[in-house]
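Quick notes on the structure that follows.
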Amino acid sequence: MIFDRKQQRLLLEGTIYTPEEIARLVAEGAENHPSALWDLYLFLNEWFSDSPAMTVHTSGSTGTPKELTVRKDQMMQSARLTCEYLNLQAGDTALLCMNLRYIGAMMVVVRSLVAGLNLIVRPASGHPLSDISVPLRFAAMVPLQVYNTLHTLGEREQLKQTEILIIGGGAVDEALEAEIRSLPIAVYSTYGMTETLSHIALRRLNGNSASDHYYPFSSVELSLSPENTLVIKASLVCDDILQTNDIARIYPDGSFVIWGRKDNVINSGGIKIQAEEVEKLLRPFIPVPFVITSVPDPRLGQAVTLLIEGQLDMEELKNKVQEILSPYHRPKYIRMVDLIPQTGNGKINRIECRTLAEKLL
């Protein structure tokens, strides 16, 4: 692996690019390059600059999006951890199909630079494999991309030719996980955040090693706060100890599970309700995007509210909710909306959902 940025070269669809060649491509201007390649050239130009750090953006799924300054040497350590864990080797084909504004996509590029992977670039879209004709060794996608791929015949067959797939940027729901189990490739869900420079733990979703538990890299130390939220010490990729809002359980072997986020707990009449747990129960019965959120309530404090994208039979839905949810967990309000608010990288925007629910009520 190469950790000296001056010695790094990008292998892009079989062609080697030096820092000087990247600078020349940037000088040609955006109008002379496809948008996905232009974003890549801009990222690489900044990567090869003399600055030891660069700016990344958080997704804003649970709060206001913010800019973070991160060190390039720590990004390379993160790349090393993933490449070693997955045994990625020089020349392996790797697909970049996510928005380079976010850390998940950036780290695909950094892994390619550090390990000498052969990068295949496609625009960030819902169908990243639609025109891929070569077998891939490695790909990273968000859940929606995986869902769309599995439900498009040609793309599903192409996915079967991809040896390793990691899924990040959002939770993998039970229905999607059930579809993934039959794939003849290695598929992992990742756990991490912008501050940890992508993931610090992986969970195998299929095969003999499939598990409900995330397994952290050996250099990562985990503990729980008094509120049972995960505390992360990952000194190779982050200088600070991170206090997350993820409610977790850590097992004796070091693995862990995530129950939901502390800021997604709804306190309704003194009963604490985890929004993600209610969504998990409803997901098999609601075939369209939806979210559990809350609105202020003078009697309950917070009232559980269900927002559903599109139109469903309300009577049938209420009957199903009565059947599968306990009284305290049942939504007091159900509203149909045109669109469930999302962040730029496809996560549910919980803040906007609460705001939307309050406007509707």
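Quick look at the numbers
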{"item": "Expected 222 nm ellipticity per residue - DSSP helices of 4 or more, -39500 (n - 2.57), all of the chain, to 500", "result": "-8500 deg cm²/dmol"}
{"item": "For segment 150-304, diffusion coefficient by Stokes-Einstein and Kirkwood Rh (Cα), 4 °C, 1.567 mPa s, µm²/s", "result": "74 µm²/s"}
{"item": "When each of K72/K347; K233/K347; K280/K359; K72/K233; K160/K233; K66/K160 is checked by Cα-Cα distance, pairs over 28 Å", "result": "K160/K233; K66/K160"}
{"item": "The chain: angle of helix 103-115 to the longest principal axis, Cα-based, in degrees nearest 10", "result": "30 degrees"}
{"item": "Convex hull projection area averaged over all views, segment 269-360, Cα basis, nm²", "result": "6.0 nm²"}
{"item": "Surrounding net charge for L282, when Lys and Arg each add one and Asp and Glu each subtract one, Cβ distance under 14 Å", "result": "-3"}
{"item": "Top of E31, E155, E177 by mean-square fluctuation, Gaussian network on the chain, Cα under 10 Å", "result": "E31"}
{"item": "Pairwise label distance in nanometres, Q243 with T152, each label 7 Å out on the Cα-Cβ vector", "result": "4.4 nm"}
{"item": "Distance histogram for segment 44-203 (every C-alpha pair counted, 10 angstrom bins, percent rounded to whole numbers)", "result": "10, 42, 36, 11, 1"}
{"item": "Where only C-alpha atoms are counted, convex hull volume of the chain per residue in Å³", "result": "154 Å³"}
{"item": "Highest-MSF residue in the chain out of R335, R204, R101 [GNM, Cα springs under 10 Å]", "result": "R335"}
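No value in this document is a laboratory result; all are computed from the given coordinates. This structure is a prediction, so every number in the text was calculated from the model and none was measured. All Cβ positions, glycine included, derive from the backbone under ideal geometry; neighbour counts span all protein chains shown.
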